[in-house]
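Worksheet: one structure, shown below.
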């Protein structure tokens with residue numbers, strides 16, 4: 001990693017990346033979400049899996065906390 005505070009998304013495993021994307025959605029980090037989406041697609045994930053497992057699930061978590 002570049003330093004203690006910076007997370008290099010491309011160095012994360014798929015599971016870690018999806019969890020990080022959930023956190024980034026919660027924090028409203030648009031650029032990180034876009035980057036994570038591209039990484040998963042480049043790793044061979046199907047668009048529907050990226051949508052449901054990373055993006056929609058992350059928004060579900062946000063929705064529960066802001067209910």
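Since every read-out is calculated from the coordinates, none of them should be taken as a lab result. In this text, all values refer to a predicted model and were calculated from it rather than measured experimentally. Here the Cβ positions follow ideal geometry from the backbone for every residue, glycine too, while neighbour counts run over all protein chains shown.
Considering (1) without any contact (Cβ under 8 Å) to a residue 12 or more places away in the chain; (2) surrounded by 13 or more Cβ atoms within 10 Å (Cβ to Cβ), say which one residue 52 fails and leave the rest.
The number of the failed condition is (2).
Would you pick out the residues in the range 4-13 that are in a helix (DSSP H, G or I) and surrounded by 13 or more Cβ atoms within 10 Å (Cβ to Cβ)? First the steps, then the outcome.
If we filter the range 4-13 for residues that are in a helix (DSSP H, G or I), which is where we start, we get 9-11.
9 - this is the single residue of the range 4-13 that is in a helix (DSSP H, G or I) and surrounded by 13 or more Cβ atoms within 10 Å (Cβ to Cβ).
Could you pull out the residue among 31, 16 that is surrounded by 10 or more Cβ atoms within 10 Å (Cβ to Cβ) and in a helix (DSSP H, G or I)? Give the steps one after another, and end with the answer.
Numbers: 31 fails: surrounded by 10 or more Cβ atoms within 10 Å (Cβ to Cβ).
One residue alone meets the criteria, 16.
For the range 19-28, enumerate the residues that are outside any helix (DSSP H, G or I) and closer than 14 Å to residue 8 by Cα. I'd like the intermediate steps shown before the answer.
First pass over the range 19-28, keeping only residues outside any helix (DSSP H, G or I): 28.
Scanning the range 19-28 gives no hits.
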